[in-house]
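The values are calculated or read from the model by the stated rules, or taken from the named source; none is laboratory data. Predicted, not measured: the structure shown is a model, and the values here were computed from it. Here Cβ is always computed from backbone atoms with ideal geometry, including for glycine, and neighbour counts include all displayed protein chains. SASA here: full protein model, heavy atoms, side chains in, ligands and nucleic acids out. Shrake-Rupley method; radii C 1.70, N 1.55, O 1.52, S 1.80 Å.
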Amino acid sequence: MATAASGCPHIAKLLGDVSTTGDTDFIQKYKTVVSWNVRYAQSVRNPAKRRKVSAPTCGKCDLALSRPFACLHCDFAGCWLEGHALGHLRDAGHNFCADTKTGSIFCAQCQDFIYDPKVDEIYLAAVVMVEEQQTKFQVSKKLREPYQIWVPEAKDILALKKSIPIPCQARRGLLNLGQTCFLNVVLQSFAHNPLLRNYFLSDKHNSKQCKTEPTEPCTCCEMDKLFTEIYSEDPNPYGPITFLATTWRASAELSGYAQQDAHEFFISALNQIHSTCRGSTEVSCNCIIHSTFAGQLQSDVKCERCGNITNTIDPMLDISLELKGKGGEIVSGDTLAACLRRFTQFEKLGPKEYTCGKCAKISHEASKRLSIRTLPPVLSFQFKRFEHKTNDKSSARKLDAQVRFPASINMAPYTTLVIKDMEGGNANDARYTCPTPEVMYEYDLFAVINHEGQIDTGHYTNYACFQDEWYKFDDDKVTPSTLGACLASAAYMCFYVKRHLDYKPNIKPSYVQAHEAEAVREKELEREREAARIKDVEDALLATV
């Protein structure tokens, strides 16, 4: 592939001079091709009944194209595998065609796919513009804030010059401090979480400036130290001793050198970071934990006698999924999608479990269903592999059922909005589209935690993705791996990050509005004080006359 270093002189000529009509038409055609693909894929369907939309066909062989290559000089679209797209460029004397799915441009003269930073900017701007146009969940009828590429100003350039660059390897193993593999795998998932990484590497919590009392455990300070060590130049394994000690002080149930549950530590760590984080509140918390992991579940309980439905909304930090069917049997060949379908299906409630508020009677026939009302930026799934039949931990056993999980997942079918819309009569409509763009539901896998062995003698390892490369972490041992090896592993926890993060509409934040209102009041008070001072001076002058 032609890179930015070598460059493609043919595309550089077109992109470097946009004064002529031809150059402008070329860029506009590229934007049109990219925008068409986004609009074509901008709908969410019932997985069982995909929308019947005629796919574009090859201009040479008339075969339907799932991934068309469009000529950037005319309206021809052709297939790549059969060589019809390249044949058109050769026969018509045209130079460029584009992959509508990825936006990659092929140069006939270079005989290669080319890369140019300007093309990346055009592609990103075109994709986001279409997504903004398709977005229908605006607030107060205000449009989403238009995306703009960041261009550093003079003060930004000055700040960057003064900054100290740090290595970005993030491939440092963690020492096992005595059956602490459960801690290491969770810390590695934190280190490879892009939102947590950006927060702590941008110095949002500085352990050297923290005002927490030295006698009080501060998990945010330990997170700051962890990221400092992970992204340091030291390639040797790091021992999170102080993190472990802080965990013991904050959570007595996790203290000691006994093997612990990684999911239990994960939830405990989230609560500890939340409680010591700046901006932490009990209501509408905007700390980094709630900004990253917090979503909402909606519980709908339906009375089968009168049809009344009672809704309850509960917060969530992760989703725990059963590996057993309704009959209690272990499902063979299970998948993450199947687990989520079971999670969002109606289940019958037992006698006297529900009293209907409408008919005011204890309903013997009621059903309950969970759905995801609000999706978080990072989704954490836990498969319930450890089964406890009684309160006695010695009777617990592990479910070794294999669960297949994807590299990316669309969460729309499991959300309250789509489920309700499907129940409204659209389930059998082949033209059904979700009220919001499909891209807002897309998640990509970035970390997986595995448990090997039995419940008492097992060991935790994990996979994590860094800069599109996968690695396996086994305490202090870090080895290169592949996405295929990760997907074939026996997952205990999976972490997915939203492909496109939501951002607020074009409105000022409440704290900015409050600050501006306070400034206006201060100016008014200053004017009143100045008027009173002038009046006092005038009165004093009149008194001397």
Just checking, how many residues over segment 210-228 are under 19 Å from SER280 (Cβ atoms), part of a loop (DSSP other than H, G, I, E, B) and among the polar types (S, T, N, Q)?
1
With the requirement that a residue be modelled with pLDDT under 80 and either surrounded by 10 or more Cβ atoms within 10 Å (Cβ to Cβ) or assigned by the TED database to the domain that holds CYS71 (or both), what does segment 137-157 give you?
PHE137, GLN138, VAL139, LYS142, LEU143, ARG144, GLU145, PRO146, TYR147
Could you grab me the full set of residues in segment 201-215 that are free of Cβ contacts under 8 Å to residues at least 60 places away in the same chain and open to solvent by less than 100 Å² (accessible area, probe 1.4 Å)?
LEU201, SER202, ASP203, ASN206, SER207, CYS210
Can you name the number of the only condition in (1) surrounded by fewer than 19 Cβ atoms within 10 Å (Cβ to Cβ); (2) polar (S, T, N, Q); (3) farther than 29 Å from LYS398 by Cβ; (4) touching a residue at least 60 places away in the same chain (Cβ under 8 Å) that SER320 fails?
(3)
Residue hits (segment 216-243; within 25 Å of PRO194 (Cβ to Cβ) and of a type in the set (A, V, I, L, M)) are MET223, LEU226, ILE230
Subset tally (residues that are in contact with a strand residue (DSSP E or B) (Cβ under 6 Å, 6 or more places away or on another chain), part of a helix (DSSP H, G or I) and surrounded by fewer than 22 Cβ atoms within 10 Å (Cβ to Cβ)) for segment 442-489:
1
Could you go through segment 232-246 and let me know if any residue there is more than 19 Å from GLN188 (Cα to Cα), of a type in the set (D, E, K, R) and either modelled with pLDDT under 90 or not assigned by the TED database to the domain that holds ALA191 (or both).
no
So which residues in segment 158-193 are exposed (fewer than 10 other Cβ atoms within 10 Å of the Cβ) and aliphatic (A, V, I, L, M)?
ILE164
Residue in segment 308-316 that is surrounded by 15 or more Cβ atoms within 10 Å (Cβ to Cβ) and more than 23 Å from the chain's Cα centre (by Cα) present:
yes
Taking ASP99, is it farther than 28 Å from PRO413 by Cα, exposed (fewer than 14 other Cβ atoms within 10 Å of the Cβ) and modelled with pLDDT of 85 or more?
no
Tally up the residues in segment 102-113 that are open to solvent by less than 20 Å² (accessible area, probe 1.4 Å) and in contact with a Ser or Thr (Cβ under 8 Å, 6 or more places away or on another chain), please.
0
Residues of segment 335-350 that turn out to be in contact (Cβ under 8 Å) with a residue 40 or more places away in the chain and closer than 22 Å to SER408 by Cα, as a count
8
I'd like to check something: does segment 219-236 contain any residue that is more than 29 Å from PRO165 (Cβ to Cβ) and either among the aromatic types (Phe, Trp, Tyr) or in contact with a Leu (Cβ under 9 Å, 6 or more places away or on another chain) (or both)?
no
Residue under question is ALA338, and the condition is that it be closer than 30 Å to ALA396 by Cα, in a helix (DSSP H, G or I) and open to solvent by less than 70 Å² (accessible area, probe 1.4 Å); does it hold?
yes
Look through segment 65-76, keep the residues that are among the hydrophobic types (A, V, I, L, M, F, W, C) and either open to solvent by 30 Å² or more (accessible area, probe 1.4 Å) or free of Cβ contacts under 8 Å to residues at least 24 places away in the same chain (or both), and return whichever of them is farthest from ASP116 (Cα to Cα).
LEU65
Conditions (1) of a type in the set (A, V, I, L, M); (2) touching an Asp or Glu at 6+ places or on another chain (Cβ under 8 Å); (3) in a loop (DSSP other than H, G, I, E, B); number of the one not met by LEU297
(3)
Can you go through CYS61, CYS79 and tell me which one is modelled with pLDDT of 85 or more and open to solvent by 40 Å² or more (accessible area, probe 1.4 Å)?
CYS61
Just a yes or no: is a residue in segment 230-244 more than 20 Å from CYS494 (Cα to Cα), without any contact (Cβ under 8 Å) to a residue 40 or more places away in the chain, open to solvent by 20 Å² or more (accessible area, probe 1.4 Å) and of a type in the set (D, E, K, R)?
no
Just to verify a result, which residue in segment 496-545, among those that are of a type in the set (D, E, K, R) and in a loop (DSSP other than H, G, I, E, B), is modelled with the lowest pLDDT?
LYS504
Note on TYR443: of the conditions (1) under 29 Å from VAL478 (Cβ atoms); (2) at pLDDT below 90; (3) aromatic (Phe, Trp, Tyr), unmet is (2)
Pairs with Cβ under 6 Å, 6+ apart, first in segment 163-192 and in a helix (DSSP H, G or I), second charged (D, E, K, R)
CYS181/ASP475; ASN184/ASP475
Just to be sure before I move on: is LEU349 out of contact with any strand residue (DSSP E or B) (no Cβ under 6 Å at 6 or more places or on another chain) and surrounded by 13 or more Cβ atoms within 10 Å (Cβ to Cβ) in the structure I sent?
no
Of the conditions (1) under 23 Å from PHE386 (Cα atoms); (2) surrounded by fewer than 17 Cβ atoms within 10 Å (Cβ to Cβ); (3) free of Cβ contacts under 8 Å to residues at least 24 places away in the same chain, SER251 fails just one. Which one is it?
(2)
